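Before we start, here is the structure in question, set down as structure tokens.
Derivation of every value follows stated rules applied to the coordinates shown; laboratory data play no part. Predicted model, so just to flag it, every value in this text is computed and none were measured. Using ideal geometry, Cβ is built from the backbone for each residue, glycine included, and neighbour counts are taken over all protein chains shown.
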Amino acid sequence: MQPIELFYPQLKHPKKVVITTHQKPDADAMGSSLGLMHVLAQLGHTVSVISPTNWAGFLNWMPGCKHVIDYESKIVEANKLIESADWIFCLDFNVLLRTRKMEEPIRNAGGIKILIDHHQEPQITAFTYGISDTKKSSTAEMVFDFIQNSGNGALINNDCAQCLYAGVMTDTGSFRFPSTTASVHRMVASLLENGLEHSKVHENLYDNFSESRFRFIGHVLLNRLEVYYEYNTAVIAVPQTDLIKYEIKTGDTEGLVNYPLSISGIKLAVIIIDRGEERKLSFRSKGDFDVNTFARKYFNGGGHFNAAGGSSKDPFDEVVKNFVIAMKENKDKLSSYQF
Ligand code: 5GP
Ligand code: MN
């Protein structure tokens, strides 16, 4: 993988471009992809954004989202675009496996592959050019840098700004995580100076849920939360019956894993969701507990130091039990309280 700066000179020649991201894209994945799309389109490129799967309805307000192709529902069309693309931008993921069924078509595609990502241990041999920086708050921030550093900052219009702001705001937990650096604030200042209405983005993302999802959160916090004080750990385990009863859709469970971290002393929070075809786990930690390593070791996953995910095909009850065993194995790291 060559440094991304070496790619900049090519940007002025119009090309066929595919931008993709990880399955079940979150606001950073979708926001960084669409933010980049808005700028590349102004440079004269023909741009398609392809998501490996469907996405949460609360992302649909993003300018350009209605043109995003869901790979799983338009495989033939999407494969043609991938095969004929001159460039394939891969945003907000470290390994091609995160694009699920798109992994093979992307690997076989002849186009130049460009990685922009902030996850640990990127698969650098899979990409022609790229930048991987785990210190960056979000891929949206990295796309902002990409646009600025390639001399295209003037093309960041309001549509682009809304998308990039959504990415950086959500990935920094509304600017509270340690990854929120001075350059994050400088980026936001620049977006605001150019007319971004940031409170509209917050409303679009956070004030658009169904009553049923709201009641689901109440139910889960009351009935599905277990706190292990001696391990400074909280576990939320959600059976599939809950998802069906409350009509829970993609994205409705996002952010729920963070709630228990506001209990005093809690250092590790996990949510285990029975999605039917697999059990999905999300981990969040505070301070010195490395959930990236934990997710890799026990649940075939990964992510960042303080936010990671994994999955399992084992039955739900077994996954919950296995988590408890893994937690107990990590007692030394979890019970020492170092913030
Ligand atoms: P979330 O818990 O919000 O799904 O994901 C937290 C972080 O971990 C994100 O940065 C996400 O990309 C990463 N992540 C989530 N699930 C997986 C997984 O199964 N494998 C890997 N490698 N990373 C994951
Ligand atoms: Mn991200």
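Looking only at the chain, where both bridge partners belong to it, what percent of the DSSP beta bridges are antiparallel (to the nearest 5)? Each step should come with its number before you reach the end.
Values: 19 of 48 bridges.
Antiparallel bridges make up about 40 percent of those DSSP assigns within the chain.
Considering the dipole of region 2-206 built from charges on the beta carbon (Lys and Arg +1, Asp and Glu -1) around the Cα centre, which of 57, 194, 67 is farthest to its positive end?
67
Could you give the size of the charge dipole of region 211-335 about its Cα centre, using +1 on the Cβ of each K and R and -1 on the Cβ of each D and E, expressed in debye and rounded to the nearest 20? Before the final figure, lay out the partial values.
Details: 18 positive and 17 negative charges, 35 e Å.
The dipole of region 211-335 has a size of about 160 debye.
In degrees from 0 to 90, rounded to the nearest 10, what is the angle of the helix 211-223 Cα long axis to the longest principal axis of the chain?
The angle comes out near 40 degrees.
Quick one: which residues, 5 or more positions from residue 48 or on another chain, have an amide H under 5 Å from its amide H? H modelled 1.01 Å from N in the peptide plane, none for Pro or chain starts.
17, 18, 19
Name the aspartates and glutamates eligible as straight-distance cross-link partners of residue 135: C-alpha to C-alpha under 12 Å, and not fewer than 8 places from it in the same chain.
Result set, ordered by chain and number: 117.
Could you check the simple spin-label distance between residue 262 and residue 318, using points 7 Å along Cα→Cβ, in nm with one decimal?
Those two pseudo-labels are separated by 3.6 nm.
Next up: Once label points are set 7 Å from the Cα along Cα→Cβ at both residue 83 and residue 229, what is their separation, rounded to one decimal in nm?
6.3
Once label points are set 7 Å from the Cα along Cα→Cβ at both residue 244 and residue 60, what is their separation, rounded to one decimal in nm?
Going from the residue 244 label point to the residue 60 one covers 2.5 nm.
Oh, and also: Please give the peptides 271-278, 23-30, 151-158, 138-145 ranked by average Cβ packing (other Cβ atoms within 10 Å per residue), highest first, as a rough proxy for protection.
Numbers: 271-278: 17.6, 23-30: 24.9, 151-158: 15.0, 138-145: 28.2.
Those peptides, ordered most packed to least, come out 138-145, 23-30, 271-278, 151-158.
Also, I was wondering about something else. Can you tell me the orientation of helix 182-193 relative to the chain, as the angle in degrees between its alpha-carbon axis and the longest Cα principal axis, to the nearest 10?
Computed tilt is about 60 degrees.
Dipole of the chain, Cα-centred, from +1 at each Lys and Arg C-beta and -1 at each Asp and Glu C-beta, to the nearest 20 debye?
240
For helix 158-171, what angle does its Cα long axis make with the longest principal axis of the chain, in degrees from 0 to 90 and rounded to 10?
Roughly 30 degrees, rounded to the nearest 10.
Once you have the Cα-Cα distance between residue 208 and residue 149, take 0.36 nm times their residue separation minus that, and quote the gain in nm to one decimal. Write out the running numbers ahead of the final one.
Working: separation 59, 0.36 × 59 = 21.24 nm, distance 3.49 nm.
That works out to 17.8 nm of additional length.
Can you list the HN-Hα couplings for region 141-149, worked out from phi with the Karplus curve (6.51, -1.76, 1.60; θ = phi - 60°), rounded to whole Hz and with x for Gly and Pro?
5, 5, 5, 4, 4, 4, 5, 5, 5
Of the peptides 169-177, 313-321, how do they stack up when ordered by the mean number of other Cβ atoms within 10 Å, highest first?
Ranked from most to least packed, the peptides come out as 169-177, 313-321.
Further question on the same structure: Can you report the principal axis dimensions of the chain using only the alpha carbons, biggest first, rounded to whole angstrom?
59, 42, 39
State the antiparallel share, in %, of DSSP beta bridges confined to region 211-335, rounding to the nearest 5.
Details: 19 of 25 bridges.
Taking every DSSP beta bridge with both residues in region 211-335, the antiparallel ones total about 75 percent.
If each residue of separation counts as 0.36 nm, what is the full-extension length gain between residue 95 and residue 74 once their alpha-carbon separation is subtracted? If you can, show how the numbers build up before the last one.
Details: separation 21, 0.36 × 21 = 7.56 nm, distance 2.26 nm.
So the extension gain works out to 5.3 nm.
Less than 10 Å Cβ to Cβ from residue 46, Lys/Arg counted +1 and Asp/Glu -1: what total charge do the surrounding residues give? Write out the running numbers ahead of the final one.
Working: positive: 15, 16; negative: 86.
Summing Lys/Arg as +1 and Asp/Glu as -1 gives +1.
Among 215, 224, 100, which one moves the most in a GNM of the chain with springs linking Cα atoms closer than 10 Å?
215
A further question on this structure: Based on the alpha-carbon gyration tensor of region 211-335 and its eigenvalue square roots a ≥ b ≥ c, which shape applies: rounded if a/c is under 1.5, prolate if not and a/b is larger than b/c, or oblate? Kindly include the intermediate steps, with their values, before the conclusion.
Details: a/c = 1.75, a/b = 1.37, b/c = 1.28.
Prolate, because a/c is 1.5 or more and a/b exceeds b/c.
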